[in-house]
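*Asks:* Handing you this structure, nothing more for now.
The values are calculated or read from the model by the stated rules, or taken from the named source; none is laboratory data. Because the structure is a prediction, the values reported are computed rather than measured. Quick reminder, even Gly has a Cβ in these numbers, built from the backbone with ideal geometry, and neighbours come from all protein chains shown.
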Number of protein chains: 6
Amino acid sequence: MSKTIYFGSGWFNEDQLAAYNDAYMALEQNPTVDMYNSYIPREHQYHDLEVADHPELLHDREWSTGTFRGDINGIKTSDVTVAIYLPFDEDPGLAMEIGYAHAIGKHVLMVIPDEHYGEDINLMTWGGADNVIKMSQLSNYNFNRPTFDFYEGGVY
Amino acid sequence: MSKTIYFGSGWFNEDQLAAYNDAYMALEQNPTVDMYNSYIPREHQYHDLEVADHPELLHDREWSTGTFRGDINGIKTSDVTVAIYLPFDEDPGLAMEIGYAHAIGKHVLMVIPDEHYGEDINLMTWGGADNVIKMSQLSNYNFNRPTFDFYEGGVY
Amino acid sequence: MSKTIYFGSGWFNEDQLAAYNDAYMALEQNPTVDMYNSYIPREHQYHDLEVADHPELLHDREWSTGTFRGDINGIKTSDVTVAIYLPFDEDPGLAMEIGYAHAIGKHVLMVIPDEHYGEDINLMTWGGADNVIKMSQLSNYNFNRPTFDFYEGGVY
Amino acid sequence: MSKTIYFGSGWFNEDQLAAYNDAYMALEQNPTVDMYNSYIPREHQYHDLEVADHPELLHDREWSTGTFRGDINGIKTSDVTVAIYLPFDEDPGLAMEIGYAHAIGKHVLMVIPDEHYGEDINLMTWGGADNVIKMSQLSNYNFNRPTFDFYEGGVY
Amino acid sequence: MSKTIYFGSGWFNEDQLAAYNDAYMALEQNPTVDMYNSYIPREHQYHDLEVADHPELLHDREWSTGTFRGDINGIKTSDVTVAIYLPFDEDPGLAMEIGYAHAIGKHVLMVIPDEHYGEDINLMTWGGADNVIKMSQLSNYNFNRPTFDFYEGGVY
Amino acid sequence: MSKTIYFGSGWFNEDQLAAYNDAYMALEQNPTVDMYNSYIPREHQYHDLEVADHPELLHDREWSTGTFRGDINGIKTSDVTVAIYLPFDEDPGLAMEIGYAHAIGKHVLMVIPDEHYGEDINLMTWGGADNVIKMSQLSNYNFNRPTFDFYEGGVY
């Protein structure tokens, strides 16, 4: 038995990309995650078009709506929402996804790079998470038996 | 007839405070808003304690949970979620509230200071908003007859 | 005290238009309905453009999405969903709205023209309605004190 | 890995029956669908009684409620809601199910017979669908990796 | 401005009846409650039939379903769910309503008779409540400005 | 294929414990249930602390909140909510869970010890259940093909 995930993570600066890659590899090693059938937003940009390559998409409402509905669909069709979370660079898109996933009843697992685990995070995203682990715990986390626990760090 | 709102806005730096004050005044002038019975998170910190004055609260789970559930309660018990939104300083707490409010079926009205209206905003918070107006339109916006419209700015 | 409604009704053929007009007038006479602040989909076509006048809109995804989200927004922001229902001409758009409104917890009031009241209706739309009245009862129905009751007609 | 579906389709006239049978066979061939454990409404009429054989059921509220709650339960307990959709014969029961499934966060896959794919469909059911495919694509559609896309036909 | 309530309370033994009456009177005196337009389950038994007078209703599924859907409808159409709660006689029907109201996002106000305030209550109903007050506070409680707070008593 | 369950049952008196054990054993024998990956509240008390051993927890809000959120999380992350239900000892915690699970769209299976099956149960918990079976049927119940049916006993 394994679970599918919504891979919530930015990939728009170096810190995000580093955490993105670490988390991706850890999840691929995790035997309780079916990564192949999970939803990776970056691989689901509407019609495979990325803003970085096509800046005109910034104002294209078909592309925006298609990508937005795709990601919402990914949260809905996946068992768990994984949020790769950087306390020093809290991402608004990821935060919105945490709020949405929490409201519709998905398990929200927040993952923080070890060297930043314990740093203060925002109160609302904190409350939306069902558990908060370190990056180094991700490859062994049992997605089939999720438990609730509070974050050990501060909340502002 | 008038509507109650959840006043979604940060107050943690100068830009946020300026927008906070502009929006607060505009809403008090708006005859379609019952500001007295609306939910202002800053006035509902758990047991009237603020982190700025009591840094030990950062690690107090009773305070965190009380404040979190208070704000969620504010979104639930108010007619409209107003999000005072700064494109150059997108706030994770506000973004989470937009995701949550969108998911539970509240009308989400995003308000952007005039001088920043049109600047790019995050795709997920964009999709969570039902309408996006300028700060100068806030005092005259008819909360009794909310309409949907797309943001005129870019979305990344 | 009065309630706002989402005015669910087609206006695409003569039967629908006749029922539309009857219901509209009845609701304007009803002292428990605030018709001025209610959501009338026909008055909220995206940017006031109607397909009848602009057939090219049929394939315009910005227009479709804008109109769809507008109507969903109307259901969310109104107290009661009123469904003007013709047993001999059951409308798929109205049926979808009944399913959506039922699922998000809105009171769904089905209104059937007197001469067709009692005729068989579809099982799923039947189950989505909280009460079913005759057109002639609409001007006096107390929207402030909604009750549940079963439709007296058949269900197929 | 495979997904369970709610098989949304009428079986009340020849066109519906033809599409019903085509879709049923395609889904049985699809390796990503667990058809045996999926919910087929026709096989779940309350206490195995069908209106066609027992016209008195039309007015039996225990039967109506039992069948209605059974179908709602089928939508809730299945991973994906498949809607076999005929543009020239849009069914109100199916439309209600699309609205309900969309509102509670199920992936809604609309399937249209090839010869009618591209014809105009209703705006509200269009907006409730997460993807729209041709009947001939159904046996190969990957239910484990659902994506969002817009219908290529018109919307009225 | 005033709010409507769902009056959650048993009336099946003397203790329940005493609390029922105290709460009813307090709410009628409360200027922030519109008691006339609120939902009182006892006044909405299906077709005005009560089990106490008609024991055959115990097995009548039309009556059971009608009364159940009526009460659910009352929770949905009222602003606040008031739960008149006896720690020494926790009622399963009321507990179910607390769970339901909490899940669909209604403010749940628990009211406990003064002489029992502080006694231990069940963990799950405790978690479903947004605030817990004494009976003597009910006539002055401001329903227009609901706040979250924890119960001061024990939780088992 | 098998389903995970939320094991809703008290363990606070002898009757509850007896039913708890019977149900637990039946579920372990049921090939359509993955008991190992199911959520057993008793095994998820916050930080493995039980009130029976630590009476001071009765007033500890971190423990209460942690246990409450854990159980809510268990309902959300499991496929089916199983409610071990004693008509003569209806439990408020279990009743709340039935209301919550019903509202968020989980299949609720009520299980009653054979010797008490048919006894009257509360109207609201009755309405929240999707099916009601005898304890002796539990080991063979097909969780992969859940159906709706009414309870055969009385409802008060």
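*Asks:* If we keep just the residues of segment D:64-75 that are within 8 Å of chain C (Cβ to nearest Cβ) and of a type in the set (A, V, I, L, M, F, W, C), which is farthest from D:MET1 (Cα to Cα)?
*Replies:* From segment D:64-75, those within 8 Å of chain C (Cβ to nearest Cβ) are D:64-65, D:67-69, D:71-72; that's our starting set.
Applying the additional criterion that residues be of a type in the set (A, V, I, L, M, F, W, C) yields D:68, D:72.
Values: D:PHE68: 30, D:ILE72: 25 Å.
Per the criteria, the residue is D:PHE68.
*Asks:* For segment C:76-93, give me each residue that is within 19 Å of C:GLN16 (Cβ to Cβ) and either at the interface with another protein chain (Cβ under 8 Å from one of its Cβ atoms) or surrounded by fewer than 22 Cβ atoms within 10 Å (Cβ to Cβ) (or both). Before you say what the answer is, go through the steps one by one.
*Replies:* Taking segment C:76-93 first, the residues within 19 Å of C:GLN16 (Cβ to Cβ) are C:81-93.
Within segment C:76-93, C:LEU86, C:PRO87, C:PHE88, C:ASP89, C:GLU90, C:ASP91, C:PRO92, C:GLY93 qualify.
*Asks:* Just the residues that are within 11 Å of another protein chain (Cβ to nearest Cβ) and not in a loop (DSSP other than H, G, I, E, B), please, taken from segment F:124-156.
*Replies:* First, pick out the residues of segment F:124-156 that are within 11 Å of another protein chain (Cβ to nearest Cβ): F:124-131, F:142-156.
Answer for segment F:124-156, where residues must be within 11 Å of another protein chain (Cβ to nearest Cβ) and not in a loop (DSSP other than H, G, I, E, B): F:MET124, F:THR125, F:TRP126, F:GLY127, F:GLY128, F:ASN131, F:VAL155.
*Asks:* If we scan segment A:96-119, do we find a residue that is within 7 Å of another protein chain (Cβ to nearest Cβ), buried (at least 19 other Cβ atoms within 10 Å of the Cβ) and out of contact with any helix residue (DSSP H, G or I) (no Cβ under 9 Å at 6 or more places or on another chain)?
*Replies:* Taking every residue of segment A:96-119 in turn, none turns out to be within 7 Å of another protein chain (Cβ to nearest Cβ), buried (at least 19 other Cβ atoms within 10 Å of the Cβ) and out of contact with any helix residue (DSSP H, G or I) (no Cβ under 9 Å at 6 or more places or on another chain).
*Asks:* Only one residue in F:THR77, F:THR147, F:THR65, F:THR125 is among the hydroxyl-bearing types (Ser, Thr, Tyr) and touching a Lys or Arg at 6+ places or on another chain (Cβ under 8 Å), so which one is that?
*Replies:* Values: F:THR77 fails: touching a Lys or Arg at 6+ places or on another chain (Cβ under 8 Å); F:THR147 fails: touching a Lys or Arg at 6+ places or on another chain (Cβ under 8 Å); F:THR125 fails: touching a Lys or Arg at 6+ places or on another chain (Cβ under 8 Å).
When all the criteria are applied, what remains is F:THR65.
*Asks:* OK, next. Answer yes or no as to whether B:GLY105 is in contact with a Phe, Trp or Tyr (Cβ under 9 Å, 6 or more places away or on another chain) and of a type in the set (Gly, Ala, Ser). Give the derivation first.
*Replies:* Working: in contact with a Phe, Trp or Tyr (Cβ under 9 Å, 6 or more places away or on another chain): no; of a type in the set (Gly, Ala, Ser): yes.
Considered against the rule, which asks whether it is in contact with a Phe, Trp or Tyr (Cβ under 9 Å, 6 or more places away or on another chain) and of a type in the set (Gly, Ala, Ser), B:GLY105 comes out as no.
*Asks:* Is one or more of the residues making up segment A:9-31 closer than 23 Å to D:THR32 by Cα, at pLDDT below 95 and surrounded by 17 or more Cβ atoms within 10 Å (Cβ to Cβ)?
*Replies:* Initially, segment A:9-31 is screened for residues closer than 23 Å to D:THR32 by Cα, giving A:27-28, A:30-31.
Restricting the remaining residues to those that are at pLDDT below 95 gives none.
No.
*Asks:* So, one more: What are the residue pairs meeting all of these: first residue in segment D:4-27, first residue within 14 Å of chain F (Cβ to nearest Cβ), second residue surrounded by fewer than 19 Cβ atoms within 10 Å (Cβ to Cβ), Cβ atoms under 6 Å, and 6 or more apart or on different chains?
*Replies:* Listed by first residue and then by second, the contacts come to D:THR4/D:ASP79; D:PHE7/D:ILE40.
*Asks:* I would also like to ask the following. Determine if segment A:47-66 includes at least one residue that is at pLDDT 95 or above and not in a helix (DSSP H, G or I).
*Replies:* Checked segment A:47-66: no residue is at pLDDT 95 or above and not in a helix (DSSP H, G or I).
*Asks:* Would you be able to tell me the number of residues in segment D:93-123 that are in a strand (DSSP E or B) and either under 12 Å from the mean Cα position of the chain (by Cα) or on the phi > 0 side of the Ramachandran plot (or both)? Break it down stepwise before answering.
*Replies:* First, the residues of segment D:93-123 that are in a strand (DSSP E or B): D:107-112, D:121.
Going one step further and asking which of them are either under 12 Å from the mean Cα position of the chain (by Cα) or on the phi > 0 side of the Ramachandran plot (or both), we end up with D:107-112.
The number of residues fulfilling the criteria is 6.
*Asks:* Report, by residue number, each residue of segment A:137-156 that is closer than 29 Å to B:LEU57 by Cβ and among the small types (Gly, Ala, Ser).
*Replies:* Let us first name the residues in segment A:137-156 that are closer than 29 Å to B:LEU57 by Cβ, namely A:137, A:146-156.
If the condition is that a residue be closer than 29 Å to B:LEU57 by Cβ and among the small types (Gly, Ala, Ser), then A:GLY153, A:GLY154 are the ones that fit.
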